[in-house]
Amino acid sequence: EVQLVESGGGLVQPGRSLRLSCAASGFIFDDYAMQWVRQVPGKGLEWVSGISWNSATTAYTDSVKGRFTISRDNAKNSLYLQMSSLRAEDAALYYCARAPYGSGSFADYWGQGTLVTVSS
Amino acid sequence: DIVMTQSPATLSVSPGERATLSCRASESVSSHLAWYQRKPGQAPRLLIHGASTRATGIPARFSGSGSGTEFTLTISSLQSEDSAIYYCQQYNNWPTFGQGTKVEIK
(Lines give C-alpha, C1' and ligand atoms only; values in the text may rest on other atoms or scores of the structure.)
Protein backbone atom coordinates (compact mmCIF):
# COMPACT_ATOMS: atom_id res chain seq x y z
CA GLU A 1 0.00 0.00 0.00
CA VAL A 2 1.37 3.40 -0.99
CA GLN A 3 1.83 5.65 2.02
CA LEU A 4 3.06 9.24 2.20
CA VAL A 5 3.44 10.77 5.64
CA GLU A 6 4.30 14.44 5.98
CA SER A 7 5.82 16.06 9.05
CA GLY A 8 7.54 19.25 10.10
CA GLY A 9 4.67 21.70 9.95
CA GLY A 10 3.94 24.13 12.74
CA LEU A 11 3.74 27.76 13.79
CA VAL A 12 6.55 29.96 12.51
CA GLN A 13 7.12 33.69 12.49
CA PRO A 14 7.23 35.64 9.23
CA GLY A 15 10.72 35.68 7.77
CA ARG A 16 11.77 32.47 9.49
CA SER A 17 12.42 29.02 8.04
CA LEU A 18 10.83 25.60 8.25
CA ARG A 19 11.66 22.21 6.75
CA LEU A 20 8.93 19.79 5.75
CA SER A 21 9.57 16.08 5.34
CA CYS A 22 7.65 13.30 3.65
CA ALA A 23 8.29 9.63 4.38
CA ALA A 24 7.29 7.33 1.52
CA SER A 25 6.58 3.61 1.66
CA GLY A 26 4.80 0.91 -0.31
CA PHE A 27 6.45 1.66 -3.65
CA ILE A 28 9.88 2.00 -5.22
CA PHE A 29 10.56 5.62 -4.28
CA ASP A 30 13.29 6.30 -6.81
CA ASP A 31 11.04 5.20 -9.67
CA TYR A 32 8.90 8.31 -9.25
CA ALA A 33 9.00 12.07 -9.40
CA MET A 34 7.48 13.80 -6.39
CA GLN A 35 5.65 17.04 -5.68
CA TRP A 36 4.54 19.39 -2.95
CA VAL A 37 1.04 20.84 -3.26
CA ARG A 38 -0.57 23.23 -0.79
CA GLN A 39 -4.06 24.30 0.14
CA VAL A 40 -4.95 27.38 2.08
CA PRO A 41 -7.87 26.44 4.38
CA GLY A 42 -11.09 27.20 2.55
CA LYS A 43 -9.27 27.88 -0.73
CA GLY A 44 -8.14 25.85 -3.71
CA LEU A 45 -5.11 23.69 -4.40
CA GLU A 46 -1.78 25.10 -5.57
CA TRP A 47 1.14 23.10 -6.96
CA VAL A 48 4.25 24.35 -5.17
CA SER A 49 7.21 22.34 -6.38
CA GLY A 50 8.27 19.15 -8.14
CA ILE A 51 11.43 17.04 -8.37
CA SER A 52 12.43 14.29 -10.77
CA TRP A 53 13.27 10.78 -9.59
CA ASN A 54 17.03 11.50 -9.63
CA SER A 55 16.86 15.14 -8.46
CA ALA A 56 18.16 16.30 -11.83
CA THR A 57 15.11 18.49 -12.43
CA THR A 58 13.36 20.72 -9.93
CA ALA A 59 10.64 23.27 -10.49
CA TYR A 60 8.76 25.81 -8.43
CA THR A 61 5.73 28.00 -8.66
CA ASP A 62 6.74 31.63 -9.14
CA SER A 63 5.68 32.79 -5.68
CA VAL A 64 8.19 30.52 -3.91
CA LYS A 65 11.14 30.66 -6.31
CA GLY A 66 14.30 31.65 -4.47
CA ARG A 67 12.72 30.95 -1.06
CA PHE A 68 11.81 27.23 -1.16
CA THR A 69 14.05 24.30 -2.05
CA ILE A 70 12.79 20.83 -2.82
CA SER A 71 15.07 17.83 -2.34
CA ARG A 72 14.93 14.10 -1.85
CA ASP A 73 16.99 11.30 -0.35
CA ASN A 74 16.27 8.10 -2.24
CA ALA A 75 18.25 6.03 0.24
CA LYS A 76 15.86 7.17 2.96
CA ASN A 77 12.70 7.16 0.81
CA SER A 78 12.17 10.77 1.81
CA LEU A 79 11.14 14.05 0.22
CA TYR A 80 11.83 17.46 1.70
CA LEU A 81 10.78 21.07 1.32
CA GLN A 82 13.05 23.69 2.85
CA MET A 83 11.07 26.89 3.24
CA SER A 84 12.75 30.17 4.08
CA SER A 85 11.70 33.81 4.30
CA LEU A 86 8.21 32.60 5.07
CA ARG A 87 5.30 34.94 4.47
CA ALA A 88 1.75 35.01 5.77
CA GLU A 89 0.54 33.85 2.35
CA ASP A 90 2.61 30.65 2.66
CA ALA A 91 0.35 29.45 5.48
CA ALA A 92 -1.40 26.34 4.22
CA LEU A 93 -1.80 22.60 4.46
CA TYR A 94 1.16 21.14 2.57
CA TYR A 95 0.72 17.82 0.81
CA CYS A 96 3.40 15.48 -0.45
CA ALA A 97 2.30 13.70 -3.63
CA ARG A 98 3.63 11.07 -6.03
CA ALA A 99 3.87 12.15 -9.66
CA PRO A 100 3.90 9.14 -11.98
CA TYR A 101 4.77 10.97 -15.20
CA GLY A 102 7.30 13.54 -14.07
CA SER A 103 7.56 16.41 -11.64
CA GLY A 104 4.91 18.41 -13.48
CA SER A 105 2.36 15.64 -13.98
CA PHE A 106 -0.78 14.79 -12.10
CA ALA A 107 -0.43 13.18 -8.68
CA ASP A 108 -1.76 9.67 -8.09
CA TYR A 109 -1.19 9.38 -4.34
CA TRP A 110 -1.22 12.08 -1.69
CA GLY A 111 -0.34 12.25 1.98
CA GLN A 112 -2.64 13.63 4.66
CA GLY A 113 -0.76 16.92 4.78
CA THR A 114 1.11 18.96 7.36
CA LEU A 115 -0.13 22.38 8.45
CA VAL A 116 2.09 25.43 8.26
CA THR A 117 1.00 28.54 10.11
CA VAL A 118 2.90 31.80 9.61
CA SER A 119 2.18 34.38 12.24
CA SER A 120 3.97 36.65 14.67
CA ASP B 1 -0.06 30.36 -16.11
CA ILE B 2 -2.96 28.41 -17.52
CA VAL B 3 -6.15 29.38 -15.67
CA MET B 4 -8.65 26.62 -14.97
CA THR B 5 -12.28 27.64 -14.41
CA GLN B 6 -14.80 25.20 -12.96
CA SER B 7 -18.58 25.44 -13.01
CA PRO B 8 -20.86 25.42 -11.23
CA ALA B 9 -19.41 26.36 -7.86
CA THR B 10 -21.97 24.17 -6.11
CA LEU B 11 -24.09 21.34 -7.51
CA SER B 12 -26.98 19.78 -5.62
CA VAL B 13 -28.07 16.40 -6.97
CA SER B 14 -30.44 13.71 -5.75
CA PRO B 15 -29.10 10.20 -5.11
CA GLY B 16 -29.18 8.13 -8.26
CA GLU B 17 -29.22 11.18 -10.52
CA ARG B 18 -26.46 12.30 -12.87
CA ALA B 19 -23.99 14.99 -11.89
CA THR B 20 -22.13 16.92 -14.60
CA LEU B 21 -19.16 19.10 -13.68
CA SER B 22 -17.38 21.40 -16.13
CA CYS B 23 -13.82 22.63 -16.37
CA ARG B 24 -12.46 25.14 -18.87
CA ALA B 25 -8.82 25.95 -19.59
CA SER B 26 -7.64 29.41 -20.66
CA GLU B 27 -5.63 27.76 -23.45
CA SER B 28 -5.41 24.29 -24.88
CA VAL B 29 -4.05 21.62 -22.53
CA SER B 30 -4.58 18.78 -25.02
CA SER B 31 -5.71 15.79 -22.90
CA HIS B 32 -3.44 16.65 -19.96
CA LEU B 33 -6.31 17.01 -17.54
CA ALA B 34 -6.94 15.29 -14.22
CA TRP B 35 -9.87 15.26 -11.79
CA TYR B 36 -9.59 14.85 -8.03
CA GLN B 37 -12.10 14.29 -5.24
CA ARG B 38 -11.53 15.85 -1.85
CA LYS B 39 -13.55 15.07 1.24
CA PRO B 40 -13.15 16.96 4.54
CA GLY B 41 -10.19 15.74 6.53
CA GLN B 42 -8.99 13.47 3.74
CA ALA B 43 -6.22 13.70 1.16
CA PRO B 44 -7.24 14.44 -2.42
CA ARG B 45 -8.02 11.30 -4.41
CA LEU B 46 -7.16 10.98 -8.09
CA LEU B 47 -10.23 10.05 -10.13
CA ILE B 48 -9.31 10.69 -13.76
CA HIS B 49 -6.13 11.46 -15.70
CA GLY B 50 -5.51 11.95 -19.40
CA ALA B 51 -8.99 13.58 -19.45
CA SER B 52 -10.79 10.23 -19.57
CA THR B 53 -8.71 7.45 -17.95
CA ARG B 54 -10.07 6.29 -14.62
CA ALA B 55 -7.45 5.87 -11.92
CA THR B 56 -6.95 2.54 -10.19
CA GLY B 57 -9.95 1.50 -8.10
CA ILE B 58 -12.24 4.31 -9.22
CA PRO B 59 -15.85 3.18 -9.76
CA ALA B 60 -17.19 3.13 -13.30
CA ARG B 61 -19.84 5.71 -12.45
CA PHE B 62 -17.09 8.34 -12.69
CA SER B 63 -16.20 9.29 -16.26
CA GLY B 64 -14.26 12.10 -17.87
CA SER B 65 -14.41 13.59 -21.34
CA GLY B 66 -13.11 16.49 -23.39
CA SER B 67 -9.91 17.80 -24.87
CA GLY B 68 -8.31 21.12 -25.65
CA THR B 69 -10.05 23.65 -23.42
CA GLU B 70 -13.37 22.05 -22.45
CA PHE B 71 -13.69 19.10 -20.06
CA THR B 72 -16.44 17.31 -18.19
CA LEU B 73 -16.57 15.00 -15.20
CA THR B 74 -19.76 12.96 -15.04
CA ILE B 75 -20.99 10.95 -12.07
CA SER B 76 -23.60 8.77 -13.69
CA SER B 77 -25.59 7.76 -10.60
CA LEU B 78 -24.73 9.84 -7.56
CA GLN B 79 -24.14 8.00 -4.30
CA SER B 80 -24.17 9.56 -0.86
CA GLU B 81 -20.43 8.97 -0.50
CA ASP B 82 -19.80 11.15 -3.56
CA SER B 83 -20.48 14.30 -1.56
CA ALA B 84 -17.17 16.18 -1.87
CA ILE B 85 -15.32 18.97 -3.62
CA TYR B 86 -14.05 18.08 -7.09
CA TYR B 87 -11.03 19.78 -8.63
CA CYS B 88 -9.73 19.72 -12.16
CA GLN B 89 -6.02 20.15 -12.86
CA GLN B 90 -4.10 20.72 -16.06
CA TYR B 91 -0.59 19.39 -16.41
CA ASN B 92 0.17 20.40 -19.98
CA ASN B 93 2.31 23.12 -18.46
CA TRP B 94 3.31 23.41 -14.79
CA PRO B 95 0.21 22.21 -12.98
CA THR B 96 -2.66 24.50 -12.11
CA PHE B 97 -5.98 23.66 -10.48
CA GLY B 98 -9.50 24.90 -10.83
CA GLN B 99 -11.22 26.44 -7.83
CA GLY B 100 -13.40 23.39 -7.26
CA THR B 101 -17.03 22.32 -7.54
CA LYS B 102 -18.82 21.29 -4.37
CA VAL B 103 -21.22 18.39 -4.94
CA GLU B 104 -24.01 18.13 -2.41
CA ILE B 105 -26.57 15.39 -2.00
CA LYS B 106 -30.08 16.79 -2.31
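Some points to look at:
- Panel note: the C-alpha atoms of the protein assembly as shown, placed on their principal axes, show extents of 49, 39, 35 Å (largest first).
- Volume per residue for chain B equals 87 cubic angstrom (convex hull of Cα atoms).
- Table column - 3J(HN,Hα) (Hz), the stretch A:25-37, Karplus curve with 6.51, -1.76, 1.60, x for Gly and Pro: 8, x, 7, 7, 4, 7, 8, 10, 6, 9, 9, 10, 10
- Per residue, the protein assembly as shown exposes an accessible area of 45 Å² to a 1.4 Å probe, with every protein chain left in place.
- Amide proton proximity set for A:Ala59, modelled H, under 5 Å, gap of 5+: A:Gly50
- For the stretch A:1-80: Kirkwood Rh in Å [reciprocal of mean 1/r, alpha carbons]: 13.7 Å
- Only lysine pairs 8 or more places apart or on separate chains count here, and in the protein assembly as shown those with Cα atoms under 26 Å apart total 7.
- Of the trypsin sites (Lys or Arg not before Pro) found in the stretch A:21-85, those that fall in a DSSP loop while having at most 13 other beta-carbon atoms within 10 Å are A:Lys43, A:Lys65.
- Between the stretch A:1-39 and the stretch B:67-87, the C-alpha centres lie 28 angstrom from each other.
- Chain pair A, B: total accessible area buried, heavy atoms, 1.4 Å probe, Å²: 1500 Å²
- Distant-in-sequence amide H partners of A:Leu45 (H built 1.01 Å from N, under 5 Å): none
- Heavy-atom accessible area, 1.4 Å probe, ligands and nucleic acids excluded: residues of the stretch B:81-100 down by at least 40 Å² from chain alone: B:Tyr87, B:Tyr91, B:Trp94, B:Pro95, B:Phe97
- Karplus (6.51, -1.76, 1.60) ³J(HN,Hα), θ = phi - 60°, over the stretch A:61-74, in Hz, Gly and Pro reported as x: 5, 4, 5, 10, 4, x, 10, 10, 9, 9, 8, 8, 10, 5
- Under-5 Å amide H pairs with B:Gln99, H placed in peptide plane, nonlocal only: B:Gln6
- Here the Karplus relation 6.51 cos²θ - 1.76 cosθ + 1.60, evaluated at θ = phi - 60°, turns the backbone of the stretch A:45-56 into coupling constants of 8, 9, 5, 9, 7, x, 9, 6, 4, 10, 6, 5 Hz, with x for every Gly and Pro.
- Per-peptide average of other Cβ atoms within 10 Å, ordering B:88-96, B:53-61 highest first: B:88-96, B:53-61
The values are calculated or read from the model by the stated rules, or taken from the named source; none is laboratory data. Predicted model only: the values in this text are computed from it and were never measured. Heads up, the Cβs are rebuilt from the backbone with ideal geometry, glycines too, and the neighbour counts pull from every protein chain shown. Only protein heavy atoms, including side chains, enter the accessible area calculation; ligands, DNA and RNA are left aside. Shrake-Rupley method; radii C 1.70, N 1.55, O 1.52, S 1.80 Å.
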